[in-house]
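These notes are about the structure you will find just below.
The values are calculated or read from the model by the stated rules, or taken from the named source; none is laboratory data. Note that the coordinates shown come from a computational prediction; the quantities given were computed from them, not determined experimentally. Cβ placement follows ideal geometry from the backbone for every residue including glycine, while neighbour counts extend to all protein chains displayed.
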Amino acid sequence: MEGVTIPEEGKSTEMSVMTEVDDLECVLEQIKKQDFVEQNRIYLSGCSQGGLVTLIVGEKKQDELKGLILYCAGLAILDYYEPHMKTKKKSESFRLINMMITKKYFDDIINFDAYKTIENIKIPFLYYHGDKDECVNINYAYKAKKYFNDKGKLIILKNSSHMLYFGNEDRLFSDIINFINEN
């Protein structure tokens, strides 16, 4: 897209959930400037850490959004803090699941309450979770459901892992099209 400035890719050791929030907010602002975008039909979607980022931006910008679509939202991220941070220096990098990070990753969200964020979201949203998710236990999705508004919907995909869209493409595409058409 001509004239669009999108944040550059950085190193995972320099990022955090909140730097990703900043990036998504920048992308959202740039998208809204495009002539072809219907301002009243913007949806955000994210998977894993991107699902958590989408939740945060969705809460902050819900007056500008039509809805959210989440896949295995990274609600477990803060649970990784204790075992990793007791022995780490701020600049020391270490592996968290599939990426190298530093203490900065956690420092930005140490007091963040994902469930309060979910409770504050008043726009429609779909929340998909695989029943065999090896990164974010399904119990996080069940707990999150307790905080949903009446427009939130939890969908558990059977025999699906953290990368739940593999093998579920037709179902997801159909659900998402229906969700957008209904809202």
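How many residues does the stretch 119-169 contain that are of a type in the set (Val, Ile, Thr) and in contact with an Asp or Glu (Cβ under 8 Å, 6 or more places away or on another chain)? Residues in the stretch 119-169 being of a type in the set (Val, Ile, Thr) and in contact with an Asp or Glu (Cβ under 8 Å, 6 or more places away or on another chain): 4 in total. Give me the residue from the stretch 1-18 that is over 15 Å from Met100 (Cβ atoms) and buried (at least 16 other Cβ atoms within 10 Å of the Cβ) and, out of that set, modelled with the highest pLDDT. Filtering the stretch 1-18 for residues that are over 15 Å from Met100 (Cβ atoms) and buried (at least 16 other Cβ atoms within 10 Å of the Cβ), the one modelled with the highest pLDDT comes out as Met18. Residues being over 23 Å from Val57 (Cα atoms) and part of a helix (DSSP H, G or I) are represented in the stretch 155-169 by at least one member. For the residues Lys103, Lys116, Lys86, the requirement of being modelled with pLDDT of 95 or more and of a type in the set (Lys, Arg) singles out Lys116.
Considering each residue of the stretch 108-147, count those that are of a type in the set (Phe, Trp, Tyr), within 15 Å of the chain's Cα centre (by Cα) and not in a helix (DSSP H, G or I), and give that number. Qualifying residue count for the region: 4.
Every residue in the stretch 126-153 that is over 25 Å from Asn98 (Cβ atoms) and either modelled with pLDDT under 95 or in contact with a strand residue (DSSP E or B) (Cβ under 9 Å, 6 or more places away or on another chain) (or both), please.
Taking the stretch 126-153 and keeping what is over 25 Å from Asn98 (Cβ atoms), we get 145-153.
Correct list: Lys145, Phe148, Asn149, Asp150, Lys151, Gly152, Lys153.
Surrounded by fewer than 16 Cβ atoms within 10 Å (Cβ to Cβ) and either over 22 Å from Tyr43 (Cβ atoms) or of a type in the set (Gly, Ala, Ser) (or both): is that true of Lys146 in this structure? Can you show your working first?
On the way: surrounded by fewer than 16 Cβ atoms within 10 Å (Cβ to Cβ): yes; either over 22 Å from Tyr43 (Cβ atoms) or of a type in the set (Gly, Ala, Ser) (or both): yes.
Judged against the criteria, Lys146 is a match.
Could you tell me which of the residues Lys153, Lys158 is surrounded by fewer than 19 Cβ atoms within 10 Å (Cβ to Cβ) and under 13 Å from Leu68 (Cα atoms)?
Numbers: Lys158 fails: under 13 Å from Leu68 (Cα atoms).
Step by step, each of Lys153, Lys158 is checked, and only Lys153 is surrounded by fewer than 19 Cβ atoms within 10 Å (Cβ to Cβ) and under 13 Å from Leu68 (Cα atoms).
Scanning the stretch 45-63 for residues that are over 16 Å from Met99 (Cα atoms) and outside any helix (DSSP H, G or I) turns up Ser45, Gly46, Lys61.
Of everything in the stretch 148-165 that's among the polar types (S, T, N, Q) and under 19 Å from Glu134 (Cα atoms), which residue is farthest from the chain's Cα centre (by Cα)?
To start, the set of residues in the stretch 148-165 that are among the polar types (S, T, N, Q) comprises 149, 159-161.
Checking the rest, the ones that are also under 19 Å from Glu134 (Cα atoms) come to 159-161.
Numbers: Asn159: 21, Ser160: 18, Ser161: 16 Å.
My answer is Asn159.
Determine the pairs where a residue that is free of Cβ contacts under 8 Å to residues at least 60 places away in the same chain, located within the stretch 34-49, has a partner that is small (Gly, Ala, Ser) with Cβ atoms under 7 Å apart, the partner being 6 or more residues away or on another chain. Pairs that qualify, where the first residue is free of Cβ contacts under 8 Å to residues at least 60 places away in the same chain and the partner is small (Gly, Ala, Ser), are Leu44/Gly58; Gln49/Gly74.
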